[in-house]
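*Asks:* Sharing a structure below in structure tokens format, with a few things to ask.
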Amino acid sequence: MIPAPTNTRTSITAALGIRGWSHLDAVILAALATEAPLLLIGPHGTGKSQLIESVAGALGLEFRHYNSALLNYDDIIGIPMPTEDGASLHFIKSPGTIWNANFVFLDEISRCRADLQNKLFPIIHEKKVVGIQLEDLLHRWAAMNPPAPEEIDSAADGHYIGSEPLDPALTDRFPFILPVPTWAELNREDQRELVSWRNGADAEAAAEALDLVGLVEATAALIEDLEDEFSDWLPDYIVSLVDGLEKNDLPQSPRRARMIARSLVAVHAARMALEADAEEDVEGSVQIAVSYSLPQTATDTPPSIVKVIAIHKQSWAMIEHMGDERWQQVMEEEDPAKRVALADELEFDDENLSRLITQTLSSEDSDPRQVGLAVAMFLKYSDNRELDPSAFEPLAQLSHHILEPRVIKYNMQQNSPEANTWEEIIAWLDAQINRTDSPVFRLQRNYVLYGFPEFWRRDNWKVMLKQFTEDLATFGITEEQD
């Protein structure tokens, strides 16, 4: 989850009685200002419906709430009837039909029948039904529970049976896709406020004071100027970002690339309307926009936010150093270890090398590789580089586990997965009897032992040991060096 801004001037969600969602304020406001479809994803009871109903109320809009799991198309358009001359159809409308709606909420959209999902495409994307433009319709928002993996056949482990991944084409109609916070992700103060008896009265007063219409208008007014201001670098950034996502198995459609470009401008405009000091923090706005713009977030295996931010950081560095051949060469290297080693080879100064090291550590979502990279880089640079504390301190903290091993005791059950892993490790250690004097072997041994059992419950220790050995070699730490 993206951390909430520290300098928020106005929080839309807090004013509407939704606690712990302030990190989503700018995205919500951007969607409103651009009339862009928005999809909320989260467990039941997290406030998705409450937020959408409250937003529509604060804007004074004609609102329709449809339960997509129970929905029929006639519920949306009414009953079609031929005209008296039989030449055309008209629709018998009811208070629940879509024709006069300004704000439509499609709840439980992941439980919607496939044939009906197809009929929702034009509503969400074009504001049309049966080819007729919905002149009054502004906002099309939806909500869903996280889709269950295919192999799950019961809800015992917390998955939502019946919540299916959306058709990719439908997901691609939502420029903004927002995972919402669960109870465990709220901080203690937000949890207390959420259950406080005073919260209802306080939220009502805050909602009355919130000028959401004014915020939407202010954001919309900023967007056009920002599009002109960003035009010099925005295309290059988007091209680099989409290429990076593709290389990391997160391919995007041309439509999505265009959406992301528009979304990041809108998010920065929204932050400028909400926050006193946001104008200069363009990179922060871009990171927020990208984090909440990927359709893969709506699948049963959403992408790691760490990976997404790392891809963004690399693309941002590309445009920051446009024209600098050394930086371009470094940024084009996909492997994080080789990227740092190449920067060292190209004689980057200590400050820029430190920056790359920090990015490399923060972008690695595999704990075993993060530790292994820290060891390799600490051994390489601790004595011959004056690294910034932001780089040196995490290197030292992570690598000391390997460089200063400890004795621990661990009890395990016989024939358990952990016992089997331990037997494999002992067999590997016994096979290394002729390498006991090798410094590389000692690093490998300490790495494998430190990772047991926690790391090796999630990752294959043999695969990670091979990666660790390769990372050591990238920084010149090899058996030959011994």
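The values are calculated or read from the model by the stated rules, or taken from the named source; none is laboratory data. Quantities reported herein were computed from a predicted structural model and do not represent experimental measurements. Positions of Cβ are backbone-derived with ideal geometry, glycine not excepted, and every protein chain shown enters the neighbour counts. Note: areas computed on protein heavy atoms with side chains; ligands, DNA, RNA excluded. Shrake-Rupley method; radii C 1.70, N 1.55, O 1.52, S 1.80 Å.
*Asks:* Just to confirm the number: angle between the C-alpha axis of helix 254-274 and the first principal axis of the chain, 0 to 90 degrees, nearest 10?
*Replies:* In the chain, helix 254-274 runs at an angle near 80 degrees to the longest axis.
*Asks:* Pull out a ≥ b ≥ c, the square roots of the eigenvalues of the alpha-carbon gyration tensor of the stretch 266-351, then state rounded if a/c is under 1.5, prolate if not and a/b is larger than b/c, and oblate in the remaining case.
*Replies:* Oblate, because a/c is 1.5 or more while a/b does not exceed b/c.
*Asks:* Turning to a different aspect of this structure: If you look at just the Cα atoms of the stretch 331-413, how large are its Rg and its Dmax in Å?
*Replies:* Cα only, the stretch 331-413: 14.2, 52 Å (Rg, Dmax).
*Asks:* Excluding same-chain residues fewer than 8 positions from K247, which aspartates and glutamates have a Cα within less than 17 Å of its Cα?
*Replies:* Cα-Cα hits under 17 Å: D236, E332, E333, E334, D335, E364, D365.
*Asks:* Take the alpha-carbon centre of the stretch 39-114, take the same for the stretch 329-401, and report the distance between them in whole Å.
*Replies:* Result: 52 Å between the Cα centres.
*Asks:* Pull out the extension gain between D74 and I132, defined as 0.36 nm times the separation in residues minus the alpha carbon to alpha carbon distance; nm, one decimal.
*Replies:* Numbers: separation 58, 0.36 × 58 = 20.88 nm, distance 1.51 nm.
Here the segment from D74 to I132 would lengthen by 19.4 nm.
*Asks:* Please work out, to two decimal places, the log10 of the ratio I(q)/I(0) at q = 0.13, 0.16 Å⁻¹ from a Debye calculation in which every Cα of the stretch 34-151 carries one identical scatterer.
*Replies:* -0.53, -0.77
*Asks:* Mind listing which GluC sites (Glu not before Pro) in the stretch 389-479 are in a DSSP loop and have 15 or fewer other Cβ atoms within 10 Å?
*Replies:* E479
*Asks:* Relative to the first principal axis of the alpha-carbon coordinates of the chain, what is the inclination of helix 234-247, with its axis defined by its Cα atoms, in degrees from 0 to 90 and to the nearest 10?
*Replies:* So the helix axis and the longest Cα principal axis differ by about 60 degrees.
*Asks:* Okay, next question. Suppose the chain between R406 and R258 were pulled fully straight at 0.36 nm per residue; how much longer would it get relative to their current alpha carbon spacing?
*Replies:* Stretched fully, the R406-R258 segment lengthens by 48.0 nm.
*Asks:* Using the reciprocal of the averaged 1/r over all distinct C-alpha pairs, how large is the Kirkwood radius of the stretch 292-333 in Å?
*Replies:* Details: mean 1/r = 0.0857 Å⁻¹.
Across the stretch 292-333, the inverse of the average 1/r is 11.7 Å.
*Asks:* Rounded to the nearest 10 degrees, what's the angle between the helix 25-34 long axis and the longest principal axis of the chain, both from Cα atoms, 0 to 90?
*Replies:* 50
*Asks:* For the stretch 376-482, just the Cα atoms, rotate onto the principal axes and tell me the three extents in Å, largest first.
*Replies:* The Cα atoms of the stretch 376-482 stretch 49, 31, 23 Å along their principal axes.
*Asks:* How big is the antiparallel share of DSSP beta bridges in the chain, given as a percent to the nearest 5? Please report the intermediate quantities before stating the final value.
*Replies:* Working: 7 of 25 bridges.
Percentage antiparallel, nearest 5: 30.
*Asks:* Leaving out ligands and nucleic acids, note down the accessible area per residue over the chain with a 1.4 angstrom probe, in whole Å². Before the final figure, lay out each step's value.
*Replies:* On the way: 23750 Å² over 482 residues.
Value for the chain: 49 Å² per residue.
*Asks:* Based on the Cβ-Cβ distance from F441 to A419, what FRET efficiency comes out when R0 is 35 Å, to the nearest 0.05?
*Replies:* E(calc), rounded to 0.05, equals 0.90.
*Asks:* Got a sec? What order do D471, D335, D249, D367 fall in by accessible area at 1.4 Å, biggest, i.e. largest, first?
*Replies:* Working: D471 5, D335 40, D249 130, D367 70 Å².
Final ranking, largest accessible area leading: D249, D367, D335, D471.
*Asks:* Suppose R0 equals 45 Å. What FRET efficiency, 1/(1 + (r/R0)^6) with r the Cβ-Cβ distance, do D115 and E224 give to the nearest 0.05? Please report the intermediate quantities before stating the final value.
*Replies:* Numbers: r = 39 Å, r/R0 = 0.88.
Efficiency, from the Cβ-Cβ distance: 0.70.
*Asks:* Oh, and also: Stretch E217-N384 to full length: gain in nm at 0.36 nm per residue minus the Cα-Cα span?
*Replies:* Residue separation times 0.36 nm, minus the Cα-Cα distance, leaves 54.6 nm.
*Asks:* Considering only protein heavy atoms and a probe of 1.4 Å, how much of the accessible area of the chain is carbon and sulfur, as a whole percent? Kindly include the intermediate steps, with their values, before the conclusion.
*Replies:* Numbers: 11640 of 23750 Å².
The computed percentage sits at 49.
*Asks:* Let me see the pair-distance distribution of the stretch 309-373: every alpha carbon pair, 5 Å bin width, integer percents in order.
*Replies:* The calculated distribution, bin by bin, is 4, 18, 31, 28, 14, 5, 1, 0.
*Asks:* Rank these residues by their accessible area, most exposed first, probe 1.4 Å: V55, V216, V407.
*Replies:* Sorted descending by solvent-accessible area, the residues read V407, V216, V55.
*Asks:* Averaging the inverse of every distinct alpha carbon separation and then flipping it gives the Kirkwood radius. What is it for the stretch 211-343, in angstrom units?
*Replies:* Values: mean 1/r = 0.0633 Å⁻¹.
One decimal place: 15.8 Å for the Kirkwood radius.
*Asks:* Would you calculate, for the chain, the mean residue ellipticity at 222 nm contributed by helices, counting each DSSP H stretch of 4 or more residues as -39,500 (n - 2.57) and dividing by all residues, to the nearest 500?
*Replies:* -16500 deg cm²/dmol
*Asks:* Just to compare against my own numbers: the Cα pair-distance distribution for the chain, 20 Å bins, whole % per bin, please.
*Replies:* 20, 46, 28, 6, 0
*Asks:* For V282, V340, give me the order by solvent-accessible area with a 1.4 Å probe, most accessible first, ignoring ligands, DNA and RNA.
*Replies:* V282, V340
*Asks:* Computed FRET efficiency, Cβ-Cβ of S94 and D300, R0 60 Å: what is it to the nearest 0.05?
*Replies:* With a Förster radius of 60 Å, E is 0.95.
*Asks:* Mind ranking 124-134, 10-20, 43-53 by how tightly packed they are, going by the mean number of other C-beta atoms within 10 angstrom, highest first?
*Replies:* So the order, starting with the most tightly packed, is 10-20, 43-53, 124-134.
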